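To start, the structure under review is shown below, and the notes come after it.
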Amino acid sequence: MNRQTLSLWLLTVLIVVLTACNPGSGVEPSSTLVSQSAGCAPNAVQVSIIYAPESEQYMPRVMQDFNNAYVQGRNPVTGQALASGDPRICVTGRNASSGTVMQGIVNAIIAPNNANVERPVIFEPSVSHWLALANYQSGREIFDLTEAQPTALAPVVMAIWESRIRAIQETVGYEEIGWEELLGVLNSPNGWQDYGIPNGRRTVYYGHTDPFVSSTALSTLIAEFYASARANGFTGRRLTLEQVNDPDVQQGVRNIEQLIRHYSTRTTEFREYIAQGPEYLDFVALEENDLIYINRGMTDYDPPERLVALYPKEGTFWHEHPMAVVNADWVTPEQADAARVVIDYVLTPDVQRLIMEQGFRPANPDVELGFPFVEENGVNPEGPATVLDVPAPDVIAAAIVRGKGRLPPRHPHGDNKRE
């Protein structure tokens with residue numbers, strides 16, 4: 001083969017390869033090529049997952065280790081060698097806001113021409129509220145809620161600076177604090193000055209994210225409805241439409257939401273700004289793992305004091321980071337079976353310990369709780385004393401709608417200033 005012929009041959013091969021790899025070319029790449037380019041075993045069953053932004057701290061490592069096991073010829077769950085006929089599995093994924101993905105999955109079924117369409121095999125939001133909402137909005141069982149597996153546990157807390165919570169406790173004369181006491185600071189004539197903080201602000205600075213896309217904000221909004229309903233005489237265990245539609249309850253939620261000074265879309269972005277200290281923010285709704293992240297000095301800012309996890313006495317929610325297989329026509333039975341292997345792997349003790357290192361409580365009860373769940377990191381290893389019942393999907397949907405008019409304008413990381 002002369003040089004000119006060799007050059008033409010190489011050019012032809014290059015064009016063929018580029019055409020096969022280009023999604024816009026109309027030519028689908030071979031499964032082997034996809035698997036190899038993704039670091040997976042050849043001819044592996046492809047499982048895609050979209051997970052909550054908080055899970056970005058560990059999911060890339062989990063996916064890589066899972067795929068490596070198959071490349072090495074091992075079952076990642078058992079560690080045993082694969083038999084010649086055993087299927088290989090490849091998991092790929094990315095993070096995205098839970099509310100946006102939930103709506104994208106619903107759209108893929110009922111409005112496939114919508115700009116927001118998602119078709120994963122596994123969906124892992126921060127909390128199962130979104131799974132129930134997807135079923136409710138679509139009118140079908142996209143997710144089997146009895147099969148969805150919790151994979152990482154984190155209660156929603158009010159992260160409050162230590163100086164602030166001590167000032168409240170010393171002023172009221174007891175330790176158990178909740179929304180009632182936080183609103184007491186708001187309604188106090190001189191604000192923080194009435195709580196023994198010299199030159200303290202008269203306005204309380206509160207922050208949370210967008211309940212249309214953020215799990216933490218959605219759980220917080222529902223908790224605010226619970227707190228307001230309790231203040232208005234509600235004694236039941238589970239919030240209903242009667243309470244959500246009550247004007248007095250809505251006014252109570254409005255009173256809480258008026259505390260908001262800083263507002264953002266995603267907690268993972270917000271936590272970088274929270275660490276600036278009490279002059280920026282007095283308290284904020286977070287998953288417990290985010291508070292640990294800040295207290296361990298992992299943010300860009302060096303916190304001036306310790307944040308403390310306030311588990312409101314009125315109650316809060318556990319976020320379970322459930323992994324659920326999508327029941328839709330784009331998921332084959334083979335992919336659904338492979339997805340369950342992925343979920344089993346995430347629940348293995350070694351993976352659960354890796355997840356715990358990032359500030360999440362293990363979902364596998366066989367894994368003992370350990371560091372970083374120590375009081376030095378601002379958390380109570382025992383967790384919240386009162387856990388709220390998850391309302392029915394129609395109640396959650398109504399709370400989002402009723403809360404829509406209560407929230408300040410969406411200025412990411414900005415100030416919502418009030419006189």
Name the residue, out of ASN135, ASN107, ASN43, that is modelled with pLDDT under 95 and closer than 19 Å to VAL331 by Cβ. ASN43
Considering region 297-323, residues that are free of Cβ contacts under 8 Å to residues at least 60 places away in the same chain and not β-branched (Val, Ile, Thr), and then whichever is surrounded by the most Cβ atoms within 10 Å (Cβ to Cβ), we arrive at PRO303
Is it the case that PRO409 is at pLDDT 95 or above and either of a type outside the set (A, V, I, L, M) or outside the structural domain of LEU239 (by TED's automatic domain parsing) (or both)? no
So is ASP246 modelled with pLDDT under 95 and assigned by TED's automatic domain parsing to the domain that holds GLN193 or not? no
Going by the structure shown, is LEU153 over 25 Å from VAL341 (Cα atoms) and not β-branched (Val, Ile, Thr)? no
Count, please, the residues in region 279-302 that happen to be farther than 19 Å from SER214 by Cβ and in contact with a helix residue (DSSP H, G or I) (Cβ under 6 Å, 6 or more places away or on another chain). 3
Of the residues in region 223-243, those that are among the basic types (Lys, Arg) and surrounded by fewer than 14 Cβ atoms within 10 Å (Cβ to Cβ) come to ARG237, ARG238
Can you tell me which residues in region 138-183 are farther than 22 Å from TYR206 by Cα, aliphatic (A, V, I, L, M) and touching a Leu at 6+ places or on another chain (Cβ under 9 Å)? ILE142, LEU145, ALA148
Only one of ALA154, ALA134 is buried (at least 23 other Cβ atoms within 10 Å of the Cβ), free of Cβ contacts under 8 Å to residues at least 40 places away in the same chain and within 22 Å of LEU239 (Cβ to Cβ). Can you tell me which? ALA134
Would you mind finding the one in ASN75, ASN114 that is over 21 Å from LEU354 (Cα atoms) and either touching a residue at least 24 places away in the same chain (Cβ under 8 Å) or in contact with a helix residue (DSSP H, G or I) (Cβ under 9 Å, 6 or more places away or on another chain) (or both)? ASN114
Report yes if some residue within region 349-363 is of a type outside the set (Gly, Ala, Ser), farther than 16 Å from GLU124 by Cα, assigned to a loop (DSSP other than H, G, I, E, B) and touching a residue at least 40 places away in the same chain (Cβ under 8 Å); otherwise report no. yes
For the structure I just gave you, tell me whether VAL331 is aliphatic (A, V, I, L, M), part of a loop (DSSP other than H, G, I, E, B) and assigned by TED's automatic domain parsing to the domain that holds CYS40. yes
Is there a residue being touching a strand residue (DSSP E or B) at 6+ places or on another chain (Cβ under 6 Å) and in the same structural domain as ASN95 (by TED's automatic domain parsing) anywhere in region 384-395? no
In region 370-384, is there at least one residue being among the β-branched types (Val, Ile, Thr) and loosely packed, with under 14 Cβ neighbours inside 10 Å? yes
Out of (1) more than 25 Å from GLU180 (Cα to Cα); (2) without any contact (Cβ under 8 Å) to a residue 40 or more places away in the chain, the one ARG271 does not meet is (1)
With the structure loaded, tell me whether ARG296 is out of contact with any strand residue (DSSP E or B) (no Cβ under 9 Å at 6 or more places or on another chain), farther than 19 Å from ARG164 by Cβ and basic (Lys, Arg) or whether it fails that test. yes
Could you tell me whether region 63-85 includes any residue that is at pLDDT 95 or above, under 20 Å from the mean Cα position of the chain (by Cα) and not in a loop (DSSP other than H, G, I, E, B)? yes
Would you kindly identify the strands (runs of 3 or more DSSP E) lying entirely within region 96-212 that contain at least 3 residues that are within 26 Å of GLY252 (Cα to Cα) and within 16 Å of the chain's Cα centre (by Cα)? 152-161
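The values are calculated or read from the model by the stated rules, or taken from the named source; none is laboratory data. Not measured: the values here are computed from a predicted model. Every residue, glycine as well, gets a Cβ built from its backbone with ideal geometry; the counts of neighbours run over all protein chains shown.
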